[in-house]
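Below is one structure, written out as structure tokens, with a few remarks after it.
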Amino acid sequence: MDKAALARALGSPAVLGQSQFAFMRGNAFEARVKAEGGAALLELLGVADPQAALVPDLAAAGPEGRAARTALALREATGAGAWTLLDHPMLALEVAGSPAYLEPDAVVVHPDGRWTVVEIKSFPMVDGSADPSKVGAAARQAAVYVLALEHVAAVTKDASVDHSVLLVCPKDFSNLPTASAVDVRKQLSVTRRQLARLTRVEEIASALPAELSFDMESRSPGDLASAVESVPSAYAPECLSACELAFHCRERARSAGAVEALGRAVRGELGGLSAVAEVLSAARGESGDPDDPAVAALRRAARLRAEALGAKAPDAAVRRPGCR
Ligand code: SF4
């Protein structure tokens, strides 16, 4: 489904992605890197004569057609013995039993048949290094492209995929591009493990009511909200930067008093306590097993808080023996 459209229909539109300014700046930088047949980009790869590189046309109808066109271009380029730049190729990857289509910024085919994923980002690389969290996010993203490329390489003679991707960024706050090779082997194995563990879409669908529909044309916002509610979810603050339904799910989690709304780390610390009311009651000594480490920690925290505020502990029973 189109989750952004669903979020709008539910009255909780997503605010995801870059600001308009950052988006335009990123696009302008990418256009500069790829101008004149990707001359600047190919120079960063050490290509002596960028003008001689091949830049095949990858246009085709629909994502499926574009993925097939990309696979054909990769096969042709691998046998060509020349540098080839694939600008915005389309790759397919099976995720939970369904095809997902991915569009890297570029893939370069080396004359020896190696394929390198290129990620162009607008954050700066100062003195050869960039913000580690941004580089990490780019590496995770590029690892998925590498994985998708490996499926095409497996059926392409003499092809291999680089496990180092080329990260291209503006140099020292200028508009000039600079690049760094980023090893994505670790991200690749994590992504492989995560994909292998995903429940297949058909299995998820078979567990849902047969009449369930997210059809935004025919369903009212109320029906859509009920449909979303019938699908189990586990909201966490991390959803805010990754999922279009985050505001909707946050509202649901807050109104249900779910501890997930406080973050995964807090959720993990609280063990079997799943609601904020349950947590407060356990801290006050009104419920919960005193031998449960989470309950014991909550009571100790409540006592310390009360002491710090100069008040009495919420319940004498929460005091340790010998504690005045
Ligand atoms: S729980 Fe998080 S990931 Fe799942 S639908 Fe809600 S916001 Fe999206």
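The values are calculated or read from the model by the stated rules, or taken from the named source; none is laboratory data. What you see is a predicted model, and the numbers here were worked out from it, not measured in a lab. Here Cβ is always computed from backbone atoms with ideal geometry, including for glycine, and neighbour counts include all displayed protein chains.
Miscellaneous remarks
- Residues of region 204-215 classified as touching a residue at least 60 places away in the same chain (Cβ under 8 Å) and either farther than 21 Å from LEU245 by Cα or among the aliphatic types (A, V, I, L, M) (or both), total: 1
- Pair list, Cβ under 7 Å, 6 or more apart: region 225-249 residue farther than 14 Å from MET1 by Cβ and without any contact (Cβ under 8 Å) to a residue 40 or more places away in the chain, other residue more than 8 Å from the ligand (Cβ to nearest atom) and among the polar types (S, T, N, Q): none
Results for (1) outside any loop (DSSP other than H, G, I, E, B); (2) away from the ligand (no atom under 16 Å from the Cβ); (3) surrounded by 14 or more Cβ atoms within 10 Å (Cβ to Cβ), shown as yes or no for each residue.
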| site | (1), (2), (3) |
| --- | --- |
| ARG25 | yes, yes, yes |
| ALA31 | yes, yes, no |
| VAL47 | no, yes, yes |
| GLN51 | yes, yes, no |
| LEU58 | no, yes, yes |
| PRO63 | yes, yes, yes |
| ARG69 | yes, yes, yes |
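- Note on region 286-313: residues that are closer than 15 Å to LEU270 by Cα and touching a residue at least 12 places away in the same chain (Cβ under 8 Å) amount to 11.
- Answer from ALA154, ALA139, ALA130, ALA100 - the residue that is surrounded by 16 or more Cβ atoms within 10 Å (Cβ to Cβ) and either closer than 22 Å to SER189 by Cα or of a type in the set (S, T, N, Q) (or both): ALA139
- Filter result for ALA4 (assigned to a helix (DSSP H, G or I) and either within 16 Å of the ligand (Cβ to nearest atom) or modelled with pLDDT under 90 (or both)): yes
- Any hit, region 184-193, residues being in contact (Cβ under 8 Å) with a residue 40 or more places away in the chain, surrounded by 15 or more Cβ atoms within 10 Å (Cβ to Cβ) and not in a helix (DSSP H, G or I): yes
- Candidates ARG219, ARG250, ARG284, ARG267: the one that is within 16 Å of the ligand (Cβ to nearest atom) and more than 20 Å from the chain's Cα centre (by Cα) is ARG267.
- Unmet criterion (only one of (1) within 16 Å of the ligand (Cβ to nearest atom); (2) surrounded by fewer than 14 Cβ atoms within 10 Å (Cβ to Cβ); (3) not in a helix (DSSP H, G or I)) for GLU238: (3)
- All positions within region 103-126 that are acidic (Asp, Glu) and crowded, with 17+ Cβ neighbours inside 10 Å: ASP105, GLU119
- Residue check for GLU278: within 26 Å of ALA96 (Cβ to Cβ) and either more than 16 Å from the ligand (Cβ to nearest atom) or surrounded by fewer than 17 Cβ atoms within 10 Å (Cβ to Cβ) (or both): no
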